[in-house]
Structures are given as C-alpha cells and as structure tokens.
1. For the chain, what is the relative contact order in percent, using Cα pairs closer than 8 Å and at least 6 residues apart in sequence?
2. About its Cα centre, how strong a charge dipole does the chain have in debye, to the nearest 20, once Lys and Arg get +1 and Asp and Glu get -1 at the Cβ?
3. Can you compute the modelled spin-label distance between L451 and V395, with each label point 7 Å from Cα toward Cβ, in nm?
4. If you fit an axis through the alpha-carbon atoms of helix 309-319 and take the longest principal axis of the Cα set of the chain, what angle between them do you get, 0 to 90°, nearest 10?
5. Given charges of +1 on the Cβ of Lys and Arg and -1 on the Cβ of Asp and Glu, with all other atoms neutral, how large is the dipole of region 392-465 about its Cα centre, in debye to the nearest 20?
6. Among F123, Y39, L453, whose Cα lies farthest out toward the positive end of the dipole of the chain, if unit charges sit on the beta carbon of Lys, Arg (+1) and Asp, Glu (-1)?
7. Name the residue from Q227, I113, M197 whose Cα lies farthest towards the positive end of the charge dipole of region 110-297, charges +1 on Cβ of Lys and Arg and -1 on Cβ of Asp and Glu.
8. Would you mind classifying the chain by shape? Square roots of the alpha carbon gyration tensor eigenvalues, ordered a ≥ b ≥ c; an a/c under 1.5 is rounded, otherwise it is prolate if a/b is larger than b/c and oblate if not.
Amino acid sequence: MAQTPSTGSEFFDAPLPPQKIGRYCVRKKIGQGAMGVVYLALDDLIHRSVAIKTLRTDRLSDDAAYLKALDLFMQEARIIGQLNHSHITTIYDMGVQGGVPFIVMEFIDGCTIKTLIARQVAFPVREKLSLIIMVARALHYAHQRGVLHRDIKPANIMILKNRLPKITDFGIARIMQAGTGNLSRADGEVLGTPLYMSPEQIRGEVLDQRSDIFSLGVLAYEWLSGQKPFQGRDQDERLRAVLNQKPQPLGELCDVDPEVVAIIGRAMAKKCAQRQQTAEEFADGLEMYLDRQGKAAPGAAEHQFSFDARRIIGQLKKRYLFFADFRDDELAIIFKLSAKQQFERYEHLIRKGTSGTTMFIILSGSVAVVDDSEDRNVVLEELGEGSCVGEMAIVDRLPRSASVIASKKTKALAINETVLRLSNPELCLKLYRNLAAIISERLRASEARYLELLDRFRDQEQGMP
C-alpha cells in the first residue's frame, strides 16, 4: 500500500490545522469525533465556505484496518452523492492527502438536536413535530433510492438558522442489498450508537428502512421529553436495554397528545413488523395529527369564512387542466377535506426549503411566488383569485423550491395531499393522474423545443440558412 496510517499521525498531531486540504484553504477545526475531524475551509475557486471531514488514520492499527476504514469513509461520499435533497448534506468533492482521506461537503450553519436538548432550547411541540416530519420524508427519499442511514440520532440532525433540518453523517450507511446486515467491523467494534440502534441492528441482522424508523422514534421521544428512552452504564447494558427495556411512557414525561405518544411508540416497537413500514407512513401519521389539531385549535373558527365555491370551481376548471375533469361534487368533497386559512400581507403561505404535502387555492387576495434565498429576493410570479400554488408537492413531496407570500390580505383553501390520500384515496388518485398528465405534457413540449433547437444548431454547423 502506498500510504499507511502512520502518515496520518503527522497530519493530526500537528499543533495547527493544515493550511490546505486539496485546493481548499483551511480556516479552523470545527468538530472532532472518535474517527474523524471536521474543518471549516474556503473554496477559493468559487468563494464558497465548505466543511471538510477527514478520517483519523492515526487511530487505525494496521494497513488492513486502514483499508477497511478508507472504504467505509469513501463510501459515505459515494452514498450521499446519490442523494439530491435539501434536507440531506450535499457532497462536493472527495480525495486523499498524505494518506488521509477527506470529503468536502456543504458547510451547515446551525445546531444539532443534541445541543438543543442539552441547552433546553425552547421549541413549540408543533414545530418539533413538523421538523421530525421533514426528517422522516428526507429519510423516505433516501430509502426509495436504496440507502439506509443506520445512525439516526440527535447529534446527526442539524437545525439550521432558518429552522429547517439537515441530516448529516451517512458514515455507516449501507446500500440496501442482501447480506449487508452485519453491523460490526472485523475487530468487533459496533457500527452505530447503542441507545439509538434498532434491536435488529444490535443482533446483526439484515436491515431495512424500519431500522431507521426505530432510531427516528427514539430521537423524537428524546427531543419531546428531554430524556433518553433507554439507559445503561456501559455499552453492553445499553444494548440490553434497547433489546429488552420498555421505555417510560412518553406522556408521563411531557405534555403531548396520546395520539403522538402512540405514533412514536409504534416507531419504537421491538419487532420491526409492528412499526410503521415506511418513513413516509411515520410522517403521514404525525401530519394527520397536526392537520386535525390545526382545525380544532382555538381561533380556528375565525377561519371558517364563506366563499363562492361555484365561482372558484369554475375558475379552477378553466385555468388548470388537472381540475378540468373533476365533477363539481368531487371538488366539493376535496374542499370539505381542506382547511380554510387567512394570511396577512407579507405572511408566508409556503416557505422555501420546507417540505410538505399541501397545495393552496387562492380564494381571495393575491400572492407572490418569490425566490427569497439569503443573497436575493426575486418575485417570480404574481397570482390572484382562483390560482393554485404548491401543487408539485403533491407529486414529489420534495422541499419547496420557492416561497409563496401574501401580497395583501389573502384567503386560501389548503389541500393537504396526506389528508386527501388517507381520507379519499380514489379522489387523490385522480388528482395524481391528472397532475402526472400535465407534467408529461410539459416534458413533451420541452423535449420538442429541445429537438427543434438541436436541429437548428446542426443546420448552422452544416452552413444551411
């Protein structure tokens, strides 16, 4: 082997951080764990701050251990590189310097849930649940692409300054395939964090998405209550607690609704068959609860304004093909399942970067679709009565690409895909089908324009007029 772990010892034992890692200028060390060090650095080429995670090769015993650790470390970059989701850390680059492998990723300015718990930072329960839903949907996105995290815990979920979540550290993630269930390294060290590991992960069984759901349930329990559901003085005792101990009922530790207690308790079931079977199902349960709470909240009656449903239905059918073949009585059912909401001028209907399954029909007033990133605030479109916003969330459930802000006092109907899907799957399927047809039509039109431009380019190359 060309490089050995001893080379890395000089790298980490230096009194100051390295001045450069690859082409990146190191500013300072911002984190350190048992197997890695993280630096804040600057990419001079595009003037962007980045985080660089390095593997502590000086902790490895021999070349064989180095090769195994190197493979595991680089696998993190390969795995995250497959994922393009704003609630999952983005990887920019990877390499090896002086025998030390490194991964360059986006710099995340925020605070881990672990730190928020330790500092007892006040968060409304509703906001905590909304953030947990976003994490669950991001996990579902990863699971759909064959990726398990395998180490979901408060230290690996960042809450950014804009109060949005970011999943970090896929360092022990695995591509889901037959035979990848062994959670231990050759030296017997457990891969994972004992108090957050699922029973099947502790037993070294083949894992699937339900293992991450268990870990997310433990995280939710701890964030809501401030206490870990399992305890132990050493690693063996902690592992036995996860396998055999029944946590203290969450409702005895904090003021949360029994419905939330049941949802989180189900996620933490010892048998994976008794848990939610997908992270989306876990998110849906919490979202249905929040929807019911919102409709029953004090002051909700103030939003029970009346509107001319017949006129709005006519506008929807005229403006939007995905409503065109709905009967009036079908749209009336959708309206009944939806929430009426009022927004003051400059209030957000949709905030960029959030994930959710709600679209809005503007009943009165107007809204602006805005790209309000940190470095710009650009109005993309103005929409008035009878318009729809946020419909793509019903299809892809991905974080929003733009904000929607009330231009003046606005009344809107909020159609929650989760509520519609679970309450009336036939109508939801019809909405899916119509939206898919519109998207397909748009893609075909884009393809036709592309082919036309390609033909023109070829004609120009051949000197044709």
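1. RCO, the chain: 10 percent.
2. Charge dipole, the chain, about its Cα centre: 700 debye, nearest 20.
3. Modelled inter-label distance: 2.0 nm.
4. 70 degrees
5. The dipole magnitude comes to about 600 debye.
6. F123
7. The listed residue farthest towards the positive side: I113.
8. On the way: a/c = 2.02, a/b = 1.36, b/c = 1.48.
It comes out oblate by the Cα gyration axes.
Each reported figure results from applying straightforward, stated rules to the coordinates on display, with no laboratory input. Please read all numbers here as calculations on a predicted model, not as lab measurements. When we count neighbours, we look across all protein chains shown, and the Cβ atoms used for this are built from the backbone with ideal geometry, even at glycine.
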